[in-house]
Amino acid sequence: MNKLETTYLGLKLRNPVIVASSGLTNTVEKIKNLEAKGAGAVVLKSLFEEQIYFEAGKLASHTDYPEALDYVNFYTKNNSVQEYLDLIKNAKATVNIPVIASINCVSSKGWVDFAKKIELAGADALEVNVFVLPIDKSLTSDKIESIYFELAENLQKILSIPIAFKLSSHFSNLVGFVQKLNVPGVILFNRLYAPDIDIDTMKFGSADIFSSPSDIRNSLRWVGILSSKITKTDIAASTGIHDGKAVIKQLLAGATAVQVCSTLYKNGLDQLETIIKDIEKWMKTNGYNHIDEFRGKMSYNKIEDPQIYERSQFMKYFSSIQ
Ligand SMILES: Cc1cc2nc3c(=O)[nH]c(=O)nc-3n(C[C@H](O)[C@H](O)[C@H](O)COP(=O)(O)O)c2cc1C
């Protein structure tokens, strides 16, 4: 068996490094190239829920999600839902690595039937990128979380392919939430768009689009905890994974696979080969013949002092830093 081979969402991956949903995966040519560079799987650029409504003539000129409307206006000029299905079909006909489709949604209904078309087009799995911004004072947390649960239930009723939810870390009890979500996989975490303010022009722009290596910190903690507490759900670690070291850390914490994006934009696609070589080199140095031999070795349950994952206040440990 190949020493990096792994199973994610029931799919066989030659290695655990998945290229995340982004402009890196929006054409067959790009996907073919990613396969040649060593990607274990790809997640296609997301199809947005609003885009589907738009195509169906259902999207009103007013939307509660201004960012989404901008996106729709731009994106639908160049793309169509049918093109997305064609992309899945053609990618599947061209590459051997798993092709995971992605949908970005803000509600639990309406577009679920479309997911079936994604399955019929040949996608190996479906990634669901959903985030409900909790800003309505009258909405309880239960109500908000029920949107995710309904979505997971509705999708799993009609799909045979596995689904994975790409989550933000903004949940009051992530462990309980993932347990109740009850899906084959979760991606920890999504990196959400965030606004920034230009104080000279007094205009809004976007905060940094790309992550940096230090952004791994939040996901590493939760991968370590969740992989111990919810063993039936695969975890793809995401955000801030820029090199082989970061992949090894996430595997030690218990990740099933990882997703990379910013590092490929910043360092080029050859970074994929570098990451894979660096993992292999580390495994050789440390005497591991397969990633299963060290995966989860430093997760919450496997270490002597699991409190290391629970520590969140700096006070006691860094009192020497003035
Ligand atoms: C240019 C760009 C486009 C993206 N488009 C999508 C998208 O369509 N759907 C999605 O779920 N995530 C999208 N993402 C988020 C990435 O998939 C990934 O979750 C995020 O960049 C964090 O990973 P990283 O630290 O490796 O970059 C995009 C990110 C970038 C930089």
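The values are calculated or read from the model by the stated rules, or taken from the named source; none is laboratory data. What you see is a predicted model; the values in this text were computed from it and never measured. Positions of Cβ are backbone-derived with ideal geometry, glycine not excepted, and every protein chain shown enters the neighbour counts. Accessible surface is based on the protein model in full, side chains and every heavy atom, while ligands, DNA and RNA are left aside. Shrake-Rupley method; radii C 1.70, N 1.55, O 1.52, S 1.80 Å.
Points to keep in mind about this one:
- For the chain, the Cβ-based charge dipole about the Cα centre amounts to some 840 debye (Lys, Arg positive; Asp, Glu negative; other atoms uncharged).
- Charge-dipole axis of the chain as Lys and Arg at +1 and Asp and Glu at -1 on Cβ define it, positive-most pick from SER141, ILE118, ALA255: ALA255
- What you get for region 213-322, charging only the Cβ of Lys and Arg (+1) and of Asp and Glu (-1), is a dipole of about 280 debye around the Cα centre.
- Most mobile of GLU280, GLU150, GLU83 in a GNM of the chain (Cα contacts under 10 Å): GLU83
- Database remark: amide H of ASN129 closer than 5 angstrom to the amide H of ILE103, ASN104, CYS105, LYS166 (H placed geometrically; neighbours at sequence offset of 5 or more, or on other chains; Pro and chain starts carry no H).
- The share of Cα pairs per 10 Å bin across the chain, counted from zero up to the longest distance, runs 5, 25, 35, 24, 9, 2, 0 percent.
- Value at 222 nm in deg cm²/dmol, rounded to 500, when DSSP H runs of n ≥ 4 in the chain each add -39,500 (n - 2.57): -12000 deg cm²/dmol
- At R0 = 56 Å, FRET efficiency that the Cβ-Cβ distance of LYS232 and ILE197 yields, to 0.05: 0.85
- DSSP bridge orientation in region 6-310 - percent antiparallel, rounded to nearest 5: 20
- Counting only protein heavy atoms and using a 1.4 Å probe, the accessible area of LYS297 comes to about 100 Å².
- Residue of ARG295, ARG221, ARG311 that the Gaussian network model of the chain assigns the largest fluctuation, springs spanning Cα pairs under 10 Å: ARG311
- Selection from HIS170, SER160, TYR8 lying farthest towards where the dipole of the chain points positive, charges on Cβ: TYR8
- Among LYS143, LYS281, LYS302: highest mean-square fluctuation, GNM of the chain, C-alpha pairs under 10 Å: LYS143
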